[in-house]
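Report on one structure; see the data block that follows.
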Amino acid sequence: MAGARTASRRWNFHLPAAFGHEEVTGPIEELVRESGVKTGMVCVGVVGSTAAVTTIEYETGALADLRSALEALAPETGDYRHNARWGDGNGFSHLRSALVKTGMAIPIVDAQLQLGTWQQLVVLNFDNRERERTLVATVVGV
């Protein structure tokens, strides 16, 4: 793409175990503003196989509902082959990460992230121990 602009940034977040979370819309919006991109996309990813990034209405009810849904799909106390092989007890966190995903792309139109009114970006730690999580974002566009 001739004349394309790019910008990247990393952030670190210390998150509690099992369902630690941090709302990260503001830092991503700031990166988009600073990039000068009017039309394009931002790719956001979290480093690690027991973490995820998603969008949700960042409020206690929606977060509790997400946690309950993940507990139904991949319960912490489930019988996981990963646990049998490695003995680390975090088989559930790998499954939750795979289900929610570690990255996503968000369109940028008129220099604005295309998110709904109640849609915020959230980084999640699913591991069974607290972790320092690295979020990486790259903006590309014109």
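Please treat every number below as a calculation from the coordinates, not as lab data. Quantities reported herein were computed from a predicted structural model and do not represent experimental measurements. We place every Cβ from the backbone using ideal geometry, glycine too, and count neighbours over all the protein chains shown.
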Considering the range 27-55, residues that are out of contact with any helix residue (DSSP H, G or I) (no Cβ under 8 Å at 6 or more places or on another chain) and of a type in the set (S, T, N, Q), and then whichever is nearest to T102 (Cα to Cα), we arrive at T55
Here the residues within the range 1-27 that are in a strand (DSSP E or B) and of a type in the set (F, W, Y) are W11, F13
Per the list (1) surrounded by 12 or more Cβ atoms within 10 Å (Cβ to Cβ); (2) part of a loop (DSSP other than H, G, I, E, B), residue check on T117 breaks on (1)
Here the residues within the range 100-114 that are touching a strand residue (DSSP E or B) at 6+ places or on another chain (Cβ under 8 Å) and either under 13 Å from I28 (Cβ atoms) or free of Cβ contacts under 8 Å to residues at least 40 places away in the same chain (or both) are G103, M104, A105, I106, P107, I108, L113, Q114
Within the range 30-61, the count of residues that are part of a loop (DSSP other than H, G, I, E, B) and farther than 30 Å from G91 by Cβ comes to 4
Restricting the range 1-16 to residues that are touching a Ser or Thr at 6+ places or on another chain (Cβ under 9 Å) and surrounded by fewer than 17 Cβ atoms within 10 Å (Cβ to Cβ), the one farthest from L113 (Cα to Cα) turns out to be N12
Counting only residues in the range 124-137 that are part of a strand (DSSP E or B) and closer than 15 Å to L70 by Cα, the one farthest from the chain's Cα centre (by Cα) is identified as N125
